[in-house]
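Each remark here refers to the structure printed beneath this line.
The values are calculated or read from the model by the stated rules, or taken from the named source; none is laboratory data. Owing to the predicted nature of the structure, the values given are computational and were not obtained by experimental measurement. Note: ideal-geometry Cβ built from the backbone for every residue, glycine included; neighbour counts use all protein chains shown.
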Amino acid sequence: MCGIIGYIGERKAQEVLLRGLTRLEYRGYDSAGVAVIDGDRINMLKRQGKLRILINELSTKPIAGTVGVGHTRWATHGVPNDINAHPHLDCTGKIAVVHNGIIENYLELKKNLIREGHKFVSETDTEIIPHLVEKFYKGNLEKAVTSALKLLKGSYAIAVIHKDEPDKVVGARCDSPLIVGVGKGENFLASDVPAVLDYTKEVIYLENHEVITITKKGVSVKDLSGRAINKKPCPISWDISQAEKCGHQHFMLKEISEQGDVLKKILEERLLKGKVSFEELKIKENDFKRFKKIAIVACGTAYHAGMTGKYMLEEYVKIPCWVDTSSEFRYRDPMVDRDTLTIIVSQSGETADSLAALREAKKRGAKTLGICNVLGSSIARESDGVIYTHAGPEIAVASTKAYTAQLAIFYLLTIYLAALRKSVPAPKVRALVREFKKVPDLMNDLIFEYRSDYNIIAAYAQEFKRYYFEKHNKSYFLYLARNINYPNAMEGALKLKEISYISAEGYPAGEMKHGPIALIDENPWVVCIAVKSKTYDKMLSNIQEIKARGGIIIAIVTEGDREILHNNINYVIEIPKINELFSPLLVVIPLQLLAYYVAREFGYDIDQPRNLAKSVTVE
Ligand code: AGP
């Protein structure tokens with residue numbers, strides 16, 4: 001996934017483009033570049049590496065001009081280097097293009113263009129776009145871009161400038177996000193809202209196969225046949241400070257810290273007098289009464305949220321529920337039909353596999369419900385109904401507050417469906433609501449306790465680092481849990497590996513004897529989620545089995561539990577007492593912080609870990 005931006009107005013384009021790219025860097029950060037129309041030429045600079053390399057170079061040799069495009073890259077075709085960085089130019093150097101997505105038929109188009117005499121310099125799929133625009137250009141950039149788009153197969157969000165038409169920027173999208181920032185005497189194109197919020201809060205969300213032309217004066221949108229489309233800007237409710245670190249060392253720590261307040265806001269908005277309200281949801285109550293099964297489809301952290309949702313939906317709504325990773329669901333022959341509620345969970349709402357899974361489910365007649373965080377995202381718009389998590393912008397690649405917000409929506413959906421379908425007695429539903437309302441304050445207390453710089457989780461991370469180097473970099477982590485906290489074991493492992501690059505695996509503790517126990521000597525650090533629950537005694541047995549083989553244990557326990565301390569556990573982290581059903585919301589906090597502090601001990605780029613991007617909009 002990459003970040004693109006376009007600007008036209010009175011400001012110095014370089015300044016606007018670079019500031020926008022810093023807001024988009026979470027989308028990809030292996031190289032970056034800008035191209036600006038300066039009088040009768042296009043000036044371009046692009047550099048491999050983090051955006052700051054480009055910023056530093058431009059600070060000494062700025063590019064003049066008020067119209068331009070910019071790009072921050074997560075490489076798909078072509079290694080990260082200066083040549084493969086965007087923008088890309090046509091043969092004449094008059095056309096510059098930035099692109100997010102994958103052009104699946106680029107090789108065939110490239111061969112034809114080379115046969116027609118076009119010269120290519122990069123290994124990227126993107127470079128065919130400026131050459132196609134050059135081929136079709138007869139004095140009208142919008143028309144030339146439209147003709148080029150008709151030949152493309154795959155996904156794209158693009159912004160294009162031509163030095164002979166310095167009064168406009170042309171953009172278009174298909175399966176990659178593109179929004180318009182509507183300003184006064186200036187307009188913006190960008191992959192995501194944070195890139196324009198320093199200048200405007202009026203945003204237009206573009207749909208697939210819409211071509212947009214922005215000038216200083218205005219915005220025009222057409223379809224591929226050239227028919228005008230009327231689009232109204234919508235106001236953004238949050239401001240740019242929510243997409244800044246606000247004094248935190250990393251976005252990830254800020255977003256971990258926000259979770260209690262995010263949860264409080266979700267309950268205030270959606271739990272009104274004990275009744276659940278999903279005002280944006282367009283699926284009718286009769287449909288919810290009719291469903292015979294639920295499929296939950298997602299990737300990564302969102303998949304773990306779905307796994308947790310399965311436990312609560314089956315226990316309280318009493319209908320079969322299964323969970324699939326999107327990339328498996330879309331290539332299986334999934335048994336979904338009109339009696340299946342298919343829930344697609346996606347923070348970004350742009351994950352390619354999840355979008356494809358959504359379309360597959362719709363093709364099979366299933367009613368689809370998106371649980372998304374980004375307003376107006378593709379999955380949100382294409383689902384039959386959407387429930388927004390309203391977690392605010394999540395900038396760190398490692399998802400934290402979006403995860404607990406997704407869990408919160410699953411709890412609310414469980415309460416909503418249990419009441420609607422009368423699957424459990426009303427008093428039991430009311431008891432759920434009462435217990436759920438305790439969680440935000442407990443979460444804030446927990447975060448406060450473990451947020452100070454030298455808390456025990458940070459100390460455990462220092463211990464691990466010492467041990468890791470003593471073992472000549474050979475140590476790693478195993479996460480074990482049972483029942484509704486098993487998905488949290490997977491999530492804790494994912495958090496650790498994606499930001500500390502240390503091997504980690506989440507496993508249902510009951511599976512220990514079926515293989516993983518062979519791993520146990522004094523090496524893996526084993527995180528055991530052993531809070532009070534119906535499987536607590538079983539977890540104690542697992543802990544004893546691990547200790548008997550010299551394993552090192554970090555146990556997450558219910559505060560006040562003294563019984564567990566008789567098991568010679570190495571490190572203990574307590575969480576407040578809460579009904580087992582809601583414990584995942586609290587258990588995940590120390591798991592997130594453990595990953596954060598370990599990665600910080602190792603000095604890695606926590607917000608922008610290597611090889612990853614915030615949303616995987618390519619397969
Ligand atoms: C989570 O920390 C990862 N960044 C990743 O697994 C992520 O959850 C996954 O790519 C799904 O993203 P989505 O929720 O935007 O679809």
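What's the number of the only condition in (1) in a loop (DSSP other than H, G, I, E, B); (2) closer than 30 Å to residue 168 by Cα that residue 220 fails to meet?
Only one criterion in (1) in a loop (DSSP other than H, G, I, E, B); (2) closer than 30 Å to residue 168 by Cα is unmet by residue 220, namely (1).
State the number of residues belonging to region 394-429 that are assigned to a helix (DSSP H, G or I) and in contact with a helix residue (DSSP H, G or I) (Cβ under 9 Å, 6 or more places away or on another chain).
23
Residues that are out of contact with any His (no Cβ under 6 Å at 6 or more places or on another chain), more than 16 Å from the ligand (Cβ to nearest atom) and of a type in the set (Phe, Trp, Tyr): does region 239-256 have at least one?
Among the residues of region 239-256, not one is out of contact with any His (no Cβ under 6 Å at 6 or more places or on another chain), more than 16 Å from the ligand (Cβ to nearest atom) and of a type in the set (Phe, Trp, Tyr), which makes the answer no.
Are there any strands (runs of 3 or more DSSP E) wholly within region 19-100 with 2 or more residues that are in contact with a Cys (Cβ under 7 Å, 6 or more places away or on another chain) and under 25 Å from residue 119 (Cβ atoms), and if so which? Give the derivation first.
Numbers: elements: 31-38, 41-48, 67-73, 95-100.
By residue number, 67-73.
If only one of 416, 411, 460 is more than 27 Å from residue 373 (Cα to Cα) and of a type in the set (Phe, Trp, Tyr), which one is it?
Step by step, each of 416, 411, 460 is checked, and only 460 is more than 27 Å from residue 373 (Cα to Cα) and of a type in the set (Phe, Trp, Tyr).
Looking at (1) more than 25 Å from the chain's Cα centre (by Cα); (2) of a type in the set (Val, Ile, Thr); (3) modelled with pLDDT under 95, which one does residue 22 not meet, given that it meets all the others?
With (1) more than 25 Å from the chain's Cα centre (by Cα); (2) of a type in the set (Val, Ile, Thr); (3) modelled with pLDDT under 95 applied to residue 22, the lone miss is (1).
Tell me, yes or no, whether region 506-516 has at least one residue that is within 16 Å of the ligand (Cβ to nearest atom) and either without any contact (Cβ under 8 Å) to a residue 24 or more places away in the chain or in contact with a helix residue (DSSP H, G or I) (Cβ under 9 Å, 6 or more places away or on another chain) (or both).
Yes, some residue in region 506-516 is within 16 Å of the ligand (Cβ to nearest atom) and either without any contact (Cβ under 8 Å) to a residue 24 or more places away in the chain or in contact with a helix residue (DSSP H, G or I) (Cβ under 9 Å, 6 or more places away or on another chain) (or both).
Keeping to region 376-401, report how many residues are farther than 25 Å from residue 585 by Cα, more than 11 Å from the ligand (Cβ to nearest atom) and surrounded by 24 or more Cβ atoms within 10 Å (Cβ to Cβ).
1
Scan region 449-463 residue by residue and report those that are in a loop (DSSP other than H, G, I, E, B), over 28 Å from the mean Cα position of the chain (by Cα) and more than 19 Å from residue 559 (Cα to Cα).
454
Is there any pair with a first residue in region 490-504 that is more than 12 Å from residue 478 (Cα to Cα) and a second that is within 11 Å of the ligand (Cβ to nearest atom) and assigned to a helix (DSSP H, G or I) whose Cβ atoms are under 7 Å apart and which are 6 or more apart or on different chains, and what are they?
As it stands, the answer is 495/592; 495/595; 499/595; 500/595, since those pairs meet every condition given.
So which helices (runs of 4 or more DSSP H) stay within region 281-337 end to end and still have 1 or more residues that are of a type in the set (A, V, I, L, M) and touching a helix residue (DSSP H, G or I) at 6+ places or on another chain (Cβ under 9 Å)?
Once the helices (runs of 4 or more DSSP H) in region 281-337 are filtered for at least 1 residues that are of a type in the set (A, V, I, L, M) and touching a helix residue (DSSP H, G or I) at 6+ places or on another chain (Cβ under 9 Å), what remains is 300-317.
Quick grid of which residues meet (1) touching a helix residue (DSSP H, G or I) at 6+ places or on another chain (Cβ under 7 Å); (2) within 19 Å of residue 20 (Cβ to Cβ); (3) surrounded by fewer than 22 Cβ atoms within 10 Å (Cβ to Cβ):
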position	(1), (2), (3)
110	yes, no, yes
126	no, yes, no
133	yes, no, no
158	yes, yes, no
176	no, yes, no
187	no, yes, no
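Out of everything in region 592-612 that is over 19 Å from the mean Cα position of the chain (by Cα) and in a loop (DSSP other than H, G, I, E, B), what residue ends up being farthest from the ligand (Cβ to nearest atom)?
By that ranking, first place goes to 603.
Got at least one residue in region 480-487 being part of a helix (DSSP H, G or I) and β-branched (Val, Ile, Thr)?
Yes, because at least one residue in region 480-487 is part of a helix (DSSP H, G or I) and β-branched (Val, Ile, Thr).
Restrict the check to region 344-365 and report whether at least one residue is more than 11 Å from the ligand (Cβ to nearest atom), outside any helix (DSSP H, G or I) and over 16 Å from the mean Cα position of the chain (by Cα).
Within region 344-365 (the criterion being more than 11 Å from the ligand (Cβ to nearest atom), outside any helix (DSSP H, G or I) and over 16 Å from the mean Cα position of the chain (by Cα)), the answer is yes, since at least one residue qualifies.
Just for region 296-320: of the residues that are away from the ligand (no atom under 16 Å from the Cβ) and under 19 Å from residue 386 (Cα atoms), which one is surrounded by the fewest Cβ atoms within 10 Å (Cβ to Cβ)?
Within region 296-320, the match that is surrounded by the fewest Cβ atoms within 10 Å (Cβ to Cβ) is 310.
Which one of the conditions (1) in a helix (DSSP H, G or I); (2) within 30 Å of residue 77 (Cα to Cα) does residue 615 fail to meet, given that it meets all the rest?
Result: residue 615 passes all but (1).
Quick one: is residue 581 away from the ligand (no atom under 16 Å from the Cβ) and not in a loop (DSSP other than H, G, I, E, B)?
In short, yes.
Give just the number: which of (1) more than 30 Å from residue 151 (Cα to Cα); (2) without any contact (Cβ under 8 Å) to a residue 24 or more places away in the chain does residue 261 not satisfy?
That leaves (2) as the condition not met.
List the pairs whose first member sits in region 159-185 and is among the basic types (Lys, Arg), whose second member is outside any strand (DSSP E or B), and whose Cβ atoms are under 7 Å apart, counting only residues at least 6 apart or on separate chains?
Final answer for the pair search is 163/40; 163/94; 168/141; 168/215; 173/206; 173/208.
Taking the stated definitions as given, is residue 524 modelled with pLDDT under 95, of a type outside the set (S, T, N, Q) and under 27 Å from residue 610 (Cβ atoms)?
Answer is yes for this residue.
Quick check, is residue 556 assigned to a helix (DSSP H, G or I) and aliphatic (A, V, I, L, M)?
no
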